[in-house]
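These notes concern the structure reproduced below.
The values are calculated or read from the model by the stated rules, or taken from the named source; none is laboratory data. Here the structure is a predicted model, which is why all the values come from computation and not from measurement. So basically every Cβ, Gly included, is an ideal-geometry build from the backbone, and we count neighbours across all protein chains shown. Please note that ligands, DNA and RNA were not included when accessible areas were found on the heavy atoms of the full protein model with its side chains. Shrake-Rupley method; radii C 1.70, N 1.55, O 1.52, S 1.80 Å.
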Amino acid sequence: AKQLRFTIPTVFILVSVILLLAFQNLRSVLLPVLTIVVALLWTLGAMAALDVSLNLVSSIVPPVVITLGLAYTMHLLAEYFTVRKRVDQGPLRVAAMLEKVTLPLLLTGMTTAAGFIALALNPLQAVKEFALLSALGVGFTLLLTLTLLPALLNVCDKGQLSDPPGGAFFRGAAEILSDFSLRNRVVILWCGGGLAVLGVLGAMNIKVGTEYISGFQPEHPVRHDYEKINARLGGANPFTIVLEGYVDDTFVEPQVLREMQKLQGWLLQQPEIGFTQSMVDHLLLINRSFNDGDPAYFVIPETRAEAKQLLVFGGGEALNGLVDKRFSTAQIQVRSLVEDSAAIGALIARIERRLEDMPRRLDASVTGSTVLVTRTVDDIASGQFLSIGVACVVVYFMLAALFTSWRIGLMAMWPNVLPVLVYFGVLGLLGISLNPTTSLIACIVLGVAVDDTIHFLVRFNSEARTLGNERRAVATALRSILRPVTFTTIALCSGFLVLCFSELRNQVQFGALAAFTLAVAWLTDVTFTPALGSGVRIVTLWDVLRLDLGDDPQKSIPLLNGLSGRQARTFALLSRLQTFTAGTRVISEGAEARDIYVIVDGVLQAWVERDGERRDLSTMGRGAVMGEVGYFNQKRTANVDALSPARVLRFNADDLERMRLRYPRIAATIYRNLNLIQAERIANTMRMVT
């Protein structure tokens, strides 16, 4: 509670400062902050309604919601100011902004939520609650960013908001980064692969464990009192070794009692153990007391009858909890001097190996709250990799669906998996344990880092389609997203770094490691992602859904025959869809021929000029293929003019090769149809000649 009273106001102050630096006007600070406050209140309300208590893990939820809220609102504000330059009317401005940002924001919200939801597979209840609350917080924040904030902008922006500063700086930085990424593409990709390998090697040294008391500062009262108790009572972390004989009077047998005594002696030799107690200790005291304190009788009796008689008449309440009334089950109480769950886990494993040497008539096991907590923490390792695996699979399917390609989905995953591998490598190399808080970071970073990748690739896709040049599209896309991505990364890192002021070391580790990994993710997205995506033509599901090729293009356009509607649109998007007004010259006779055209809409006329006279060759409509003869001859053989407004698909050998690599089935169908069209044209020509 004390930590939250510090972190929440501090994070909000940081958010406000970053917004002020980014946009330099008060309304651009107040409106996003109001949106984030409402999202946080809804999240805390859900926490109360679900009866989730504040603990070491759930107390991280508010800073996460605030910083993610800033990331979403900043992307929306950045696009709003871009649209504001060319659209005057408020409602139209908001509509144009939402058209640009809705898809990437929805996708980023879904991937972030997927990262959190994957944590629900963790065996720790606190982590499951964190996953649920964080996913709810993301949902609330996304909903309000796409509804409340645009409404507030529409009401409050009356021409008084100034454009954000620093545009020239970020444009220059984008040019430098894009040039660097493209010139050093191979080196960057190899460096990324090398970092991934180093991360895997470092991750092999990760230890699983947590230090609850050592997490406090040395001067903290909790730690001070704990260390006093630990020193004076021979350990403050109790656990129990249960011995079961199953037969009555097992634990009055002198041989069994001597085995227990040997086990206790072995336990006290372990450096982690400061105290043990069992019924044997009481039996020795009783035997000596019944013999006038003679030290010679501080031994286990020679017969079972004597041992039982001493225990029955001299034990009393002191034996309660150490042996049952039938003397068939006993236990040894142990207190450990260490509280590190990894050290306790190693001690328990050593004890269990020693228990295998006990007589076969005894069944021995280690139990107690300390043991249960240690084993639960050990479950983090298996739960962690399961959570990461599920998160990766879910995010991959989302990316594959978004980019309509399994291969491009896999490519888009690499820039986001790389920071996670670096994070695990750092844990192993620095000897930082994987504990309930540090186990949250990988899924969080995976869900958050993919946001920037999606923003870049969606923008890159749009620019590549407009410019027709992937390398130029990299620079343009970086110019568009570098500013918001950089500021959101600064905001996220700053929000998590606030936790470094906590009194709890695990919170400090969480904040520092999360900020470091997000910084690595930013560096990856502005260098590795452009290098990886610069040679790829991308198609998004959004493009496929909204592309209009008319009714049943696969039936009305022979080149697309045999494709599904989605496949036909995918081919169109990997080609170039061009629009011509009536009277426009589409193809000029004698010009260099590199492209083939397919008419989608409109009427076009093919003609040649011979002996000073125009000779019309054919009038073509929807589905007709043009330019294939000139394409193979490398020179155009006729003129083609648009008789009406027309749309045509234009593609060349590079487009077909990209199609063959990405969508071999679509490419095979296109090649087949192109051959059929050429064969039919040759047959018609032969009939005309003969």
| said: List the lysines whose Cα sits under 18 Å from the Cα of residue 325, skipping any in the same chain fewer than 8 residues away. | reply: 308
| message | Quick check on the chain: helices-only [θ] at 222 nm, where DSSP H runs of length 4 and up contribute -39,500 (n - 2.57) each and the sum goes over total residues. Nearest 500, please. | response | -21000 deg cm²/dmol
| said: Using each residue's phi in the stretch 396-406, evaluate 6.51 cos²θ - 1.76 cosθ + 1.60 at θ = phi - 60° and report the 3J(HN,Hα) Karplus result to the nearest Hz, with x for Gly and Pro. | reply: 4, 4, 5, 5, 4, 5, 4, 9, 6, 7, 5
| query | Magnitude of the Cβ-charge dipole of the stretch 415-532, K/R +1 and D/E -1, about the Cα centre, nearest 20 debye? | reply | 300
| remark: In terms of the charge dipole of the chain, which places +1 on Lys and Arg and -1 on Asp and Glu at the beta carbon, the residue among 174, 512, 136 farthest towards the positive end is 174
| task | Of the listed values (1) 139, 65, 44; (2) 89, 67, 46; (3) 134, 51, 47, grab the one calculated as Cα extents along the principal axes in Å from the structure here. | result | (1)
| note | Rounded to the nearest 10 degrees, the helix 27-49 long axis (Cα) sits at an angle to the longest Cα principal axis of the chain of 40
| What chymotrypsin sites (Phe, Trp or Tyr not before Pro) in the stretch 193-281 are in a loop by DSSP, with at most 10 other Cβ atoms within 10 Å of the Cβ? | 246
| For residue 313 and residue 349, what is the calculated FRET efficiency with R₀ set at 56 Å and r taken between the beta-carbons, to the nearest 0.05? | 0.90
| remark: Taking every alpha carbon pair in the stretch 90-214 and sorting the distances into 5 angstrom bins from 0 up to the bin holding the longest one, the percent per bin comes out as 2, 8, 9, 9, 11, 15, 15, 12, 10, 6, 3, 1
| task | List, largest first, the extents of the alpha carbons of the stretch 392-473 along their principal axes, each in whole Å. | result | 49, 24, 17
| task | Set the Förster distance to 35 Å, then compute FRET efficiency between residue 227 and residue 288 from the Cβ-Cβ distance, nearest 0.05. | result | 0.55
| message | What number results when the radius of gyration of the stretch 433-515, computed over Cα atoms, is divided by 2.2 N^0.38 Å? | response | 1.44
| query | So what's the projected area for the stretch 208-336, the Cα convex hull averaged over all directions, in nm²? | reply | 10.1
| request: Starting from the Cα-Cα distance between residue 305 and residue 240, subtract it from 0.36 nm times their residue separation and give me the gain in nm to one decimal. | output: 20.7 nm
| said: Heavy atoms of the protein only, probe of 1.4 Å, neighbouring chains included. What is the accessible area of residue 219 in Å², nearest 10? | reply: 140
| remark: Excluding residues fewer than 8 positions from residue 207 in its own chain, the lysines with Cα under 23 Å of it are 128
| note | Given the candidates 338, 71, 43, the one whose Cα lies deepest towards the positive end of the charge dipole of the chain, counting +1 at each Lys or Arg C-beta and -1 at each Asp or Glu C-beta, is 71
| remark: Phi-derived 3J(HN,Hα) across the stretch 481-495 with the Karplus relation (6.51, -1.76, 1.60, θ = phi - 60°), rounded Hz, x for Gly and Pro, is 9, 4, 4, x, 5, 5, 5, 5, 5, 4, 5, 4, 5, 5, x
| query | How long is the stretch 339-463 along each principal axis, judged by its Cα atoms, biggest number first, in Å? | reply | 75, 29, 22
| Rg to Rh, two decimals, where the stretch 49-98 supplies the alpha carbon set and Rh follows Kirkwood | 1.30
| query | What are the trypsin sites (Lys or Arg not before Pro) within the stretch 81-148 that DSSP puts in a loop, where the Cβ has at most 12 other Cβ atoms within 10 Å? | reply | 85, 86
| message | What is the percent carbon and sulfur in the accessible area of the chain, measuring with a 1.4 Å probe over the protein chains and ignoring ligands? | response | 60
| said: Full-extension gain between residue 262 and residue 679, please, as 0.36 nm times their residue separation minus the C-alpha to C-alpha distance. | reply: 140.7 nm
| query | Size of the dipole of the chain about the Cα centre, Lys and Arg at +1 and Asp and Glu at -1 on the beta carbon, nothing else charged, in debye to 20? | reply | 2560
| field | Long-range HN-HN contacts of residue 275 with modeled amide H, under 5 Å | value | 335
| said: Positive end of the dipole of the chain, charges at C-beta (+1 Lys, Arg; -1 Asp, Glu), about the Cα centre: which of 397, 590, 194 has its Cα farthest in that direction? | reply: 590
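When ranked by the protection proxy of mean other Cβ atoms within 10 Å per residue, highest first, what sequence do the peptides 428-434, 579-585 form?
428-434, 579-585
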| field | Förster radius 25 Å - calculated FRET efficiency between residue 584 and residue 85, Cβ distance, rounded to 0.05 | value | 0.25
| field | Full-stretch length increase - residue 126, residue 179 - with 0.36 nm per residue and alpha-carbon distance subtracted | value | 14.5 nm
| said: Give me the dipole magnitude in Debye, nearest 20, for the stretch 292-375 about the Cα centre, with unit charges on the beta carbon: positive for Lys and Arg, negative for Asp and Glu. | reply: 380
| said: From the C-alpha coordinates alone, can you work out the Kirkwood hydrodynamic radius of the stretch 567-655, in Å? | reply: 13.2
| How large is Rg over Rh for the stretch 234-287, taking Rg from the Cα atoms and Rh as the Kirkwood inverse mean of 1/r across Cα pairs? | 0.99
| field | Simple spin-label estimate for residue 187 and residue 324 in nanometres, 7 Å along Cα-Cβ | value | 7.3
| Segments 516-529, 386-399, 42-55 sorted - mean Cβ within 10 Å per residue, highest first | 516-529, 386-399, 42-55
